[in-house]
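**Student:** My questions all concern the structure below.
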Amino acid sequence: MSKILEAKAFIEEKLTEKPTIGLVLGSGLGVLADEIEEATVISYNEIPHFTKSTVVGHKGQLVIGKLKGKQVVAMQGRFHYYEGHDLEAVVFPIRVMKAIGVETIIVTNAAGGVNESYKPGDLMLISDHLNLTYRNPLIGGNDESLGARFPDMSEAYSKRLRGLSKEVAATLGIQLQEGVYAGLLGPSYETPAEIRMLRILGGDSVGMSTVPEVIVARHMNIEVLGISCISNMAAGILDQPLSHDEVMETTEKVKAEFLSLVKGVIEKM
Ligand code: HPA
């Protein structure tokens, strides 16, 4: 607990207003943070107990300020388990967000399309997830001041916020998919056989993030909205190899839609 409080104290010293909405920005989606006004930017390297991010396309800083009139804190770049961090480090920023006032988070990621009716560039509201990392960030002693020992996960992704997002998307003329995100460890992409397995298990998209952060957020009763940007079709669907370059290219293309959707949702929150 004291680690969280130290990080909180460090951040709060730089702020005049509490952020109530947290944004976790995935690969190629960090540009949203550039639109935050009157921004206080804090590099992860400066914050006590934060870890450094190592993936290309992830910046590694908190951007705190106003977006659509709301006070937000954005993670421009997140930590992944595959980078070699322990899960506690991956979810630490979410716990710090809660400590500084966040009640709602919007978690975003680039993901592979497992559902064959999807196409690269689609945006998918996450309705639920499959935790296929076989890890849980809540393993260990439970801090009762954060949440329950056995937290409920029956509505991990808020129905209310999904409804709101659909309304916003309709007014903006943005088409939205809605489906189940399968969270794996990575960093290798899946094999075609694994993708067929995920489809049988009920997965619609696949990625290497989000699940630990959402578990920890729900533990603390933060309301969660999850959005996947389908950056590529998952392995074996198309007759072509997957690459991080393709992921970054596609997210670059849908950036405008993604930005207007998220901003529209924040405005209505
Ligand atoms: N698989 C896993 N993670 C991903 C993918 C994928 O196809 N695309 C973007 N992140």
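**Student:** Could you give every pair whose Cβ atoms fall below 9 Å, whose first residue belongs to the stretch 99-114 and is at positive phi and more than 16 Å from the ligand (Cβ to nearest atom), and whose second residue is open to solvent by less than 10 Å² (accessible area, probe 1.4 Å) and modelled with pLDDT of 95 or more, counting only separations of at least 6 or pairs across chains?
**Tutor:** Partner pairs satisfying both residue conditions: G101/P19; G101/V73.
**Student:** Can I ask one more? List the helices (runs of 4 or more DSSP H) that sit entirely inside the stretch 152-263 and contain at least 1 residues that are more than 16 Å from the ligand (Cβ to nearest atom) and either within 17 Å of the chain's Cα centre (by Cα) or acidic (D, E) (or both).
**Tutor:** Per the criteria, 159-172, 211-219.
**Student:** Considering the stretch 10-42 alone, what residues qualify as being under 20 Å from the mean Cα position of the chain (by Cα), at pLDDT 90 or above and closer than 22 Å to V216 by Cα?
**Tutor:** P19, T20, I21, G22, L23, V24, L25
**Student:** Could I ask something else about it? Taking only pairs six or more apart or across chains, which ones have beta-carbon atoms under 9 Å, a first residue in the stretch 202-222 that is on the phi > 0 side of the Ramachandran plot and at pLDDT 95 or above, and a second residue that is of a type in the set (V, I, T) and within 16 Å of the ligand (Cβ to nearest atom)?
**Tutor:** G202/V180; T210/V24; T210/V107; T210/T108; T210/I126
**Student:** Could you please let me know if A7 is among the small types (G, A, S), touching a Leu at 6+ places or on another chain (Cβ under 9 Å), closer than 22 Å to R218 by Cβ and buried (at least 18 other Cβ atoms within 10 Å of the Cβ)?
**Tutor:** no
**Student:** Could I ask something else about it? Within the stretch 118-138, restricting attention to residues that are touching a residue at least 60 places away in the same chain (Cβ under 8 Å) and more than 14 Å from the ligand (Cβ to nearest atom), which residue is nearest to P93 (Cα to Cα)?
**Tutor:** By that ranking, first place goes to P137.
**Student:** Of the residues E12, E35, E17, which is surrounded by 16 or more Cβ atoms within 10 Å (Cβ to Cβ), among the acidic types (D, E) and either within 16 Å of the ligand (Cβ to nearest atom) or more than 15 Å from F79 (Cβ to Cβ) (or both)?
**Tutor:** Exactly one residue qualifies, and that residue is E35.
The values are calculated or read from the model by the stated rules, or taken from the named source; none is laboratory data. Fair warning: this is a prediction, and the values are worked out from it, not measured in the lab. So basically every Cβ, Gly included, is an ideal-geometry build from the backbone, and we count neighbours across all protein chains shown. Only protein heavy atoms, including side chains, enter the accessible area calculation; ligands, DNA and RNA are left aside. Shrake-Rupley method; radii C 1.70, N 1.55, O 1.52, S 1.80 Å.
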